[in-house]
Amino acid sequence: MMKQFEPVLEAMKDHLGVLLSKPELSKVKVMLLVGGFADSPLLQQEIKNAFTPGCRVIVPRDATKAVVQGAVMFGKMPGKITERVVSTTYGCACSRDFIEGVHPKEKKFVADGIEKCRDLFACFVKENEIVKVGHRIRQVFHPVYANETEIKFGFYTASHTTAQFVTEPGLTKIGSIMVQSPDTHRGRDRDIEVSLYFGGTEITATALDVSSGNVKQTTLDFFCKI
């Protein structure tokens, strides 16, 4: 029976070990086991063997219901949680002016006679940063082509905080959005405001074409990386 669960137990212990090795979690002394698997005596013993005496492991009453009960309580009292620690790095793909010696040549392309760099990762928030619930993070972008009327943005999570390109290992696409920018008389000198809104239980991406007021929104699938 033990061998059947060994891969799952080892993966859980490894993941917890990685989390507890982070400097910001170095002072954690108590661990709560909750969720459907928490009632397993096998899991309880394995976690206790792995992390005590350095960390006290507690299995609360009705541990299997704790996650659902917490979600219901949050739904009734969302104001009780005012900020969250971001679990991963979020950003979007973009193109910017090509910088010789900085950007790789294979990323270079020419748009309206101007050398550009494709697939750049524009970071909005980094892993382990604290973000207040209801906070919106904004960045302004511009069309790559002067006559471009549809501006598309792809959103990504990164498994590291130093990502430069969305094509790197460890980056996962979690959504995309396209906004109409019909007035092209200013060419590339048009502001497209992109923002990420961190709500209580979801992240909303918004693209706004400032000149026309056109807005598009999407909810990011930030669980897809699991």
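Values quoted throughout were computed directly from the atomic coordinates according to the rules given, and no laboratory measurement underlies them. Predicted model only: the values in this text are computed from it and were never measured. No Cβ is skipped: glycine too gets one built from the backbone with ideal geometry, and neighbour counts run over all protein chains shown.
Points worth noting:
- Selection of trypsin sites (Lys or Arg not before Pro), the stretch 1-80, meeting DSSP coil and at most 14 other Cβ within 10 Å: 27, 29, 61
- Computed lengthening from residue 15 to residue 180, 0.36 nm per intervening residue step minus Cα-Cα distance: 55.1 nm
- Rounded to the nearest 10 degrees, the angle from helix 66-76 to the longest Cα principal axis of the chain is 50 degrees.
- Longest site-free stretch - the chain; sites: GluC sites (Glu not before Pro), DSSP loop, at most 16 other Cβ within 10 Å: 1-99
- Contact order relative to length of the stretch 71-226, as percent, for alpha carbon pairs under 8 angstrom and 6 or more apart: 22 percent
- For the stretch 124-173, the list of trypsin sites (Lys or Arg not before Pro) that fall in a loop by DSSP and count at most 10 other C-beta atoms within 10 angstrom is empty.
- Within the chain, percent of DSSP bridges classed antiparallel, to nearest 5: 95 percent
- Here Cα extents along the principal axes in Å was calculated from the structure, and among [x] 48, 44, 35; [y] 56, 46, 34; [z] 67, 43, 32 it sits at label [z].
- Gained length - residue 80 relative to residue 99, 0.36 nm times residue gap less alpha-carbon distance: 2.2 nm
- Calculated FRET efficiency for the pair residue 69/residue 126, C-beta based, R₀ 25 Å, to 0.05: 0.20
- Over the stretch 115-214, the ratio between the Cα radius of gyration and 2.2 N^0.38 Å evaluates to 1.15.
- Between helix 2-20 and the chain: long-axis angle, C-alpha atoms, 0 to 90°, nearest 10: 60 degrees
- Length added when fully stretched, residue 106-residue 137, from 0.36 nm per residue minus Cα-Cα: 8.1 nm
- Bridgeable aspartates and glutamates around residue 126 (alpha carbons under 19 Å apart, same-chain partners fewer than 8 residues away excluded): 24, 83, 168, 202, 221.
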